[in-house]
Structures are given as C-alpha cells and as structure tokens.
Amino acid sequence: MEKLIITAAICGAEVTKDHNPSVPYTVEEIVREAKLSYDEGASIIHLHVRNDDGTPTQDINRFKECMNAIKDVCKDVIVQPSTGGAVGMTNDERIKPVNLYPEMATLDCGTCNFGGDNVFINTENTIKEFGKKMIELNVKPEIEVFDKGMIDMALRLNKKGFIKDKMHFNFVMGVNGGISATYRDLIFMKESIPYDATFTVSGIGRSQFEMIALSILLGGHVRVGFEDNVYMKKGLLAKSNGELVQKAVRIATELQREIATPNEAREILGLKSRL
Ligand code: KMH
Ligand code: ZN
C-alpha cells in the first residue's frame, strides 16, 4: 500500500481557546503547532490563520508571515492554505492565499449547513472561479467534500476543465449538516471517486480516530488536528496538534502502514511536476 500522508489541520477558523487552550492564534503559536505536528510525522499543514485576538482572517500578509515562518522551521513541509476561511467570508477574501503560489490549497465543492444557523456557501460559480484560479497559478486543489453530492459536483467540474486530474479529495465526515461519520458512508465516498484519485479523511469530533483508522485500512490518507477535534479521547484534551499526529502514527504503525515524508507525499500527489 502507498505510504500514508498525514495532514495536520492545526488551527481551523471556528475552534477557540475555550475549546482547548492550545488552539493557536498568534504567528508564534501557529509555528509551534506546525512544528510539533511536522516533528511527529505530518507532511502537510492545512492552514487557517487568525488575528492575535483569535478572530479568523484571510489576510494575505498574515498568511505570508505564517507560511514563511513555518517553512523556516519545517523546511520541506507542504503548506496547504484554506480557501474556505470562516463561514460568512466573501469569495474575494477567501481566495487571497492562493496568490502566494502555495503547492496546494483547499477547494470546497458545495454548500452545506455548518451547525446552528451557519451555512457554508460554495455555489457552482464560486467553485468554478476558485478552480480556474488554481489552474492558472498551478496550485493543486485538495477537493473538500462534506457530502456525496459534492463529489459529483467536483467530477462534473473536472469534465468541464475547472479541476485538473489527478484529483485529490478530502472527505470531511461528521459536520453537523454534512455526511455522517460512519464506516458505511466512508466506503460509499471512497467508491464514488475515480479509480486514479487519492483521498484523505477528516473525522469531526469524536469520530476523528475511528475515521482515520478505516481510511488507513482502505488505502486512503488522514487528517487530524484541532480544526476537527481537540480531544485525545473522551474527556482528555490534546496538549498539542503534535499529540494528535503522534496518535495517528501509532494507529498507522499498528496497522503496518508506513508514514510518507513530505517529498514522498509530493510524489503521491503529483506535486513534483508542478514545481
Ligand atoms: N471553516 C470552514 C467553514 C477549508 O478549509 O477549505 C471551512 C473550512 C474548509 O475549513
Ligand atoms: Zn479548513
């Protein structure tokens, strides 16, 4: 089986220090969490950034500062900025970090409820606009899908030329408004993507480790981190994103799946031809 790519989603846009005091806001805190994750085996850092008071921002200078600072201490890591940002941000704000020519960025492929009164809006035209921009700037999209219909949207836009082969998906399982985090649904998602596509899995909340364990067995990749879950197990907060990555490595090792280095991840995802 292919080596395992571990993504650390260290910050997110919605989780706060009230959920876990180690959630990073400042540049220093973001770099600390990235480095702890990288040292434990993460090859991709999925990045949201915050102002020092914790409010989410898509400010290009903040992204630049954080990306450069992460690269200073995690030399070969792949930094994957979010174009999802936070619920309610405009498209103009959200797309900003793509202008920094990252190797990858997220491309959210549909609209869904996002808990309470929140709706995460990604119209077809938005997805086309973001997809086109990523092709222009040679940025590989990680196709974020919160439900099966979003896979179908991505496949349609792939046929129309807005998303290039070889497609890489992130199945986000268990958002309150998206597909449930069950084994049945994860297998359904995996069976719905093209044979040559790659996928990673993000389980929200308590489903994080169950979902990644199944992904490891199915030949998929995994994402852990505070964006999706702040606990090691019920009632025990993770001290850092590094601890969550360490647990993912432990599970993978027990299941005899080797961990990919960042350069091996580049090979698997076809990023080398983009450099
Ligand atoms: N913060 C969520 C509304 C992404 O990074 O592309 C969207 C999100 C997805 O986190
Ligand atoms: Zn995100």
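Taking the stretch 202-261 as the range and being more than 22 Å from residue 14 (Cα to Cα) and among the hydrophobic types (A, V, I, L, M, F, W, C) as the test, the residues that pass are 213, 214, 216, 217, 218, 248, 249, 251, 252, 255, 259, 260. Flag set for residue 187, criterion: over 18 Å from the mean Cα position of the chain (by Cα) and not in a strand (DSSP E or B).
Selection over the stretch 89-130 of residues that are of a type in the set (D, E, K, R) and within 10 Å of ligand 1 (Cβ to nearest atom) gives a count of 2.
Checking every residue in the stretch 100-122 against the condition of being away from ligand 2 (no atom under 14 Å from the Cβ), part of a strand (DSSP E or B) and surrounded by fewer than 21 Cβ atoms within 10 Å (Cβ to Cβ) gives at least one match. The residue list 163, 143, 127 contains one member that is assigned to a loop (DSSP other than H, G, I, E, B) and closer than 20 Å to residue 95 by Cβ, which is 163. Is the stretch 56-63 home to any residue that is touching a strand residue (DSSP E or B) at 6+ places or on another chain (Cβ under 9 Å), among the hydrophobic types (A, V, I, L, M, F, W, C), in a loop (DSSP other than H, G, I, E, B) and within 14 Å of ligand 2 (Cβ to nearest atom)? Looking for residues that are touching a strand residue (DSSP E or B) at 6+ places or on another chain (Cβ under 9 Å), among the hydrophobic types (A, V, I, L, M, F, W, C), in a loop (DSSP other than H, G, I, E, B) and within 14 Å of ligand 2 (Cβ to nearest atom), one finds none in the stretch 56-63, hence no.
Residue count for the stretch 254-275 under the criterion of being at pLDDT 95 or above and touching a strand residue (DSSP E or B) at 6+ places or on another chain (Cβ under 8 Å): the result is 11. Between 240, 180, the distinction of being in contact with a Gly (Cβ under 9 Å, 6 or more places away or on another chain), modelled with pLDDT of 95 or more and away from ligand 2 (no atom under 15 Å from the Cβ) belongs to 180 only. In the stretch 76-88, what count of residues is obtained for those that are surrounded by fewer than 19 Cβ atoms within 10 Å (Cβ to Cβ) and either more than 8 Å from ligand 1 (Cβ to nearest atom) or part of a helix (DSSP H, G or I) (or both)? Result for the stretch 76-88: 2.
Is at least one residue of the stretch 193-214 crowded, with 22+ Cβ neighbours inside 10 Å, of a type in the set (A, V, I, L, M, F, W, C), touching a Gly at 6+ places or on another chain (Cβ under 8 Å) and part of a helix (DSSP H, G or I)? Checked the stretch 193-214: at least one residue is crowded, with 22+ Cβ neighbours inside 10 Å, of a type in the set (A, V, I, L, M, F, W, C), touching a Gly at 6+ places or on another chain (Cβ under 8 Å) and part of a helix (DSSP H, G or I). Restricting attention to the stretch 1-50 and to residues that are away from ligand 2 (no atom under 14 Å from the Cβ) and assigned to a strand (DSSP E or B), the residue that is farthest from residue 76 (Cα to Cα) turns out to be 4. Scan the stretch 176-195 for residues that are touching a strand residue (DSSP E or B) at 6+ places or on another chain (Cβ under 7 Å) and closer than 11 Å to residue 145 by Cβ and report the count. Within the stretch 176-195, residues that are touching a strand residue (DSSP E or B) at 6+ places or on another chain (Cβ under 7 Å) and closer than 11 Å to residue 145 by Cβ number 4. Scanning the stretch 42-52 for residues that are within 15 Å of ligand 1 (Cβ to nearest atom) and within 16 Å of the chain's Cα centre (by Cα) returns 44, 45, 46, 47, 48, 49. Any residue that is of a type in the set (A, V, I, L, M), within 14 Å of ligand 1 (Cβ to nearest atom) and at pLDDT 95 or above - is there at least one of those in the stretch 53-74? No; the residues of the stretch 53-74 include none that is of a type in the set (A, V, I, L, M), within 14 Å of ligand 1 (Cβ to nearest atom) and at pLDDT 95 or above.
The values are calculated or read from the model by the stated rules, or taken from the named source; none is laboratory data. Please read these numbers as outputs of a predicted model, since none were measured by experiment. Backbone-built Cβ (ideal geometry, glycine too); neighbour counts: all protein chains shown.
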